[in-house]
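The values are calculated or read from the model by the stated rules, or taken from the named source; none is laboratory data. The structure presented is a predicted model; accordingly, all values stated were derived computationally and were not measured. Neighbour counts run over all protein chains shown; Cβ positions are idealised from the backbone, glycine included. Quick note on the areas: whole protein, heavy atoms, side chains included, nothing else; ligands and nucleic acids left out. Shrake-Rupley method; radii C 1.70, N 1.55, O 1.52, S 1.80 Å.
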Amino acid sequence: MIKHTKYLLAFFISLSTLAGAQVSTHLECHGKIPAEFTTPSQEKAKIAIANDSILHDKFSLSRRQQREFFVQSSYAIDRLLKSGKVLFNDSISMYVNSVLDEILKNDKNLRQELRLYVVKSPYVNAFATGNGIIFINIGLLAQLENEAQLAFILCHEIAHYTNKHSLDGFKEQIEIEKGKGDYRAQSVEDKLLSQSNFSKMQELDADETGFNRYLKTGYAPLEADEVFFVLKFAHLPFDEIEFENNFIANKYYPLKDDVLLSELTPVSFDDEDDKYSTHPNISTRRMQLAPVLNANKKDGKEYLVSETQFKKLQKKARYEMTSLFLSSQRYASALYNAFLLEKIYPGNAENEIFKTEAMIGLSEYKNAYELDEVCTYYQDLEGQSQQLNHIVLRLTSLDMNIYAVYNAFAGLKKFENNKYLKKLCINAMVNLIADHNVNLFDFKKMVETPVDSTEDATEVKDEPKNKYDKLKSEATLKESKPYIFAFSEYIEDPLFVKLFQRATKRNLKKTEYLKLAQKDRDTSLNLQKIIMTQPYYIKVTNKSEEGFLIEKSEQAMLQVLDLLPEMAEATAVNLDMMTPLLMESDDVERFNDYSTIKEWLIETAYKDTLNIPSSHQPEIEAIMEKYGTRYVGYTSFFTLKHRKANQIIRSTILGGVMALATQVPATGVPFLLYGIARPSTTTYCLFSVYDMETNQKIKTFFYEYQMSDRKFVIKSTLFNSIFKLKKK
Amino acid sequence: MRGLFLLLTILATTCYSYTAQGQAPGYLGKKLFLNIDCDVAPNFSSLRSQMSLTRRLGLKPAIQLGYTVGTQTAITFRVSGTNYIYPLYNNYNTDNGSSPDLPYGEDLTNPDYRTFRKPLSANLYTSVMQYDFTVQFYDGSFIAPAGAYFELLMGLSVINTNFLDIDNKRLMIYSDLTNNKLLSPRIGMAHMRNMIVFDRLLLRYGYEFGFDFMGMWAFTAFSTNVASSFTNKNFLRYEGAMHNTAYTFFNFRVGIGIIN
């Protein structure tokens, strides 16, 4: 029986894999890994403190505050650098850096101080750190219209660095929090307002200084003003094109009127309230620059480095942004992006893949009644994308699944050799069959071709002759099953039939597999090898103002990093520790794998048990083969230190009440003893294992200790987790 | 006693053979542990132990052998022992020719002191050996034998009471040795914390509540005047048992050990 189970499991897994011949289009790093990606934060802070490299006016801060600043900023930056989301030496980064070179061609020293990285994030944002790193998000690059706009953004960020806004912000925050100087006796609301005002002041300062630098370049000055429009409408997709219903529906099964929004909310041009915002509203920013802009209406170029490269960057950024939407389960946004991509860059297999992945995601979330998690409510939107969100919201779960299958197969018909699309198609079919209990016989080809897609496609011209003809008539069939002709276009296509049959079989296997998977969850994995990603460690205290203990957290994380391989060795498990902290500068391939795994983990964690393909599946398949395991582990620790004094006071009061109530003083003693003996630290640990084959989290071990995170506690946790995975 | 040891041996062997197959992990796979404890007892009964440093703080050394039978469960066998002296508030000594077999009575003219009808030795000397079978349940997510745990004890106290003639520095032993022993069933519970250093050494601390039933029964007998039918010998045995109960009612435990 066990043998049989294993074979069945292996068989289904081999069928269920979504890997195909699709070539990865995700952006990847190249060349040597910069040292700042592989160095621990505390080392960086030590170096920075020793050099005093950016703390030019260090005397305005106490020694402790200087240290705090370096530690805090190093840690925050490091979290991003080691997240796997930051790109280096890829085509986009290279181009963006060349624009920075162009801006600073007359300031070589400053150029050497600065590092510029692109972040794989769909949010429209760029920011500069105090130690000279500028980060620019893919989301912003996807929205920019030309190189000059990019140059202005970079000039703005350079100004943040040269004007030391990061350090000033830190100093100001301390004064606001402590209520010093002008901030004396402020309420919490006033403090927030003060912080917001200071931040806005810095932004305006960066606009001004940045624009002055921008004017010295050869870029068109007016493009700086255009950037503000880009930022103002950053909440909209990268283009506004009227959504076409036939992007998801077809003439045999068109969208019903009730799913369509008759009137869209127009895009608002009003200024947003920036009272508590970190950035001033766009009108304020434009008004500030207007005098300088009017005085400098000279000619300039939109492109100094390369228009072709910019267009390539823009296209890549838009594709990457759509992929990021998919991996962050923003399926409705991804679907509208896929629509835009098809309009702007037609005939690309990636468009079909994005569309299919998004539709599968939406249909699965709809099946699980959790659509609100992946689709913004249409009334919260404005512009053309509102229509799509309304359609998605109003469609029934069955219709959504049907359209997912239809579009998946339509995409496959366009790119018949794309194996990945074929697998996506089967995936969509399995979901339709599993969640709605339909089979191939539930669909028929419509005999009568409708004259016009907008007219009723079910109009029957010949009167039925007898009872059975009446029952079999299209009108009757359609009344009982409105979707019956949805696949008219493909129902007689041998490939469609073959894939549907395969999906039906797989659904049966899936049911069997789910039972096995559940059984597997309850037992062990007989684990031989596992990839572990960088552990996550947070130490928090409410004993002091410090709160989050940054340095101690990192030290503890490094300890876990040491202990994990040790514990794996003790349990005879082959553990591959995947973290930038253990990588050499030449390990860029490994870094890319780490980056992919991290993104995949986040994506998979959110999907839970839904049958949705991962947007990283092809790369994950390659990683599985390369590292010889299908399991990825992730562990996180959290320790919370309470205030012991409060605990003792509480126990004493309770003991006192007890003693008074019973008139026996001794009865209060146990309460007091409990207050003293009760530990003041709680440690939590989560150890999760994910299966790359099935895209699911398969094991989670949760630990809670009423004790500080002593070494033996950590060791015990890790050993026990790995042991349980290893146990036969 | 022999029967008890036999029972424990069979139980331990069965558990070992069962869990060895079951792959109960224990801390880093280690399952066997041995502790040497020193129980520190606040003295609730004005007893004085020969092992105590002060009159108010009694000591009770113990040795405990344990085995993890599950991820968070361990069984142990624990032996502890102590002795103490209880003053009888009399200035008489054994040379006065008293006899333990005479009926027990109290001096009604002096209710603060219990006296014997015929003058007798000044102090009681009670030695106690406790044999406990315990089960440890580890708190939260701790893996035995590391971390905090709650322990249930069940066992026997062997209470041996004699006279101690302080003036003559002699321990008076009854001629009938078997009769001055009392076997008392006992139960208890403890809450402890085990810390592990260097993956082998075990440091621990905690507290224990224990109840010796014989002492409780004796207390009941004394308080309901049943004691009036006692002989001096009975009185002394039950007096010893009663004070033993008070003595071992609450202990702080500290100890060290090894795990393997």
Condition check: open to solvent by 50 Å² or more (accessible area, probe 1.4 Å) and at pLDDT below 85. Does residue A:2 satisfy that? yes
Quick check on segment A:93-114. Is at least one of its residues at pLDDT 90 or above and closer than 30 Å to residue A:537 by Cβ? yes
What residue, among those in segment A:678-708 that are crowded, with 19+ Cβ neighbours inside 10 Å and hydrophobic (A, V, I, L, M, F, W, C), is farthest from residue A:635 (Cα to Cα)? A:707
When segment A:405-434 is checked residue by residue, the ones that are farther than 22 Å from residue A:621 by Cα and touching a Leu at 6+ places or on another chain (Cβ under 6 Å) are A:405, A:411
Taking first residues from segment A:683-708 that are under 22 Å from residue A:576 (Cα atoms) and facing chain B (nearest Cβ under 9 Å) and second residues anywhere that are open to solvent by 10 Å² or more (accessible area, probe 1.4 Å) and of a type in the set (Asp, Glu), the pairs with Cβ under 9 Å that are 6 or more apart or on different chains are A:685/A:704; A:685/A:709
Of residues in segment B:189-217 being in contact (Cβ under 8 Å) with a residue 40 or more places away in the chain, open to solvent by 10 Å² or more (accessible area, probe 1.4 Å) and over 22 Å from residue A:715 (Cβ atoms), the one farthest from the other protein chains (Cβ to nearest Cβ): B:214
Which of the residues belonging to segment A:214-234 are of a type outside the set (Gly, Ala, Ser) and either buried (at least 21 other Cβ atoms within 10 Å of the Cβ) or not in a helix (DSSP H, G or I) (or both)? A:214, A:217, A:219, A:221, A:223, A:227, A:233
Of these, A:536, A:631, A:594, which one is open to solvent by 60 Å² or more (accessible area, probe 1.4 Å) and of a type in the set (Phe, Trp, Tyr)? A:536
Leading residue by the ranking (nearest to the other protein chains (Cβ to nearest Cβ)) among those in segment A:709-728 that are in a helix (DSSP H, G or I) and open to solvent by 20 Å² or more (accessible area, probe 1.4 Å): A:723
Those helices (runs of 4 or more DSSP H) lying entirely in segment A:320-436 with at least 3 residues farther than 20 Å from residue A:236 by Cα: A:349-367, A:397-414, A:419-436
Taking segment A:304-335 and keeping only residues that are crowded, with 20+ Cβ neighbours inside 10 Å and either more than 30 Å from residue A:596 (Cβ to Cβ) or among the hydroxyl-bearing types (Ser, Thr, Tyr) (or both), one is left with A:319, A:322, A:323, A:327, A:331, A:333
If a residue has to be modelled with pLDDT of 75 or more, over 30 Å from the mean Cα position of the chain (by Cα) and either open to solvent by less than 60 Å² (accessible area, probe 1.4 Å) or within 14 Å of another protein chain (Cβ to nearest Cβ) (or both) to count, how many in segment A:634-658 make the cut? 5
Of all residues in segment A:348-366, count the ones that are touching a residue at least 40 places away in the same chain (Cβ under 8 Å) and surrounded by fewer than 20 Cβ atoms within 10 Å (Cβ to Cβ). 2
Return yes when residue A:239 is part of a loop (DSSP other than H, G, I, E, B) and touching a Ser or Thr at 6+ places or on another chain (Cβ under 9 Å) and no when it is not. no
Against the conditions (1) in contact with a Ser or Thr (Cβ under 9 Å, 6 or more places away or on another chain); (2) crowded, with 19+ Cβ neighbours inside 10 Å, where does residue A:369 fall short? Just the number, please. (2)
Residue A:670: modelled with pLDDT under 80 and either over 22 Å from residue A:723 (Cα atoms) or away from chain B (no Cβ under 14 Å) (or both), yes or no? yes
Unmet criterion (only one of (1) more than 14 Å from chain B (Cβ to nearest Cβ); (2) farther than 29 Å from residue A:330 by Cα; (3) surrounded by fewer than 22 Cβ atoms within 10 Å (Cβ to Cβ)) for residue A:563: (1)
Regarding residue A:583, is this residue open to solvent by less than 20 Å² (accessible area, probe 1.4 Å), closer than 30 Å to residue A:67 by Cα and modelled with pLDDT of 90 or more? yes
Residues satisfying the stated conditions in segment A:100-150, i.e. assigned to a loop (DSSP other than H, G, I, E, B) and of a type in the set (Lys, Arg): A:105, A:120
List pairs: first in segment B:140-159 and facing chain A (nearest Cβ under 10 Å) and under 13 Å from residue B:196 (Cβ atoms), second open to solvent by 10 Å² or more (accessible area, probe 1.4 Å) and of a type in the set (Asp, Glu), Cβ under 6 Å, 6+ apart or cross-chain? B:148/B:139
Would you say residue A:535 is at pLDDT 85 or above and not assigned by TED's automatic domain parsing to the domain that holds residue A:621? no
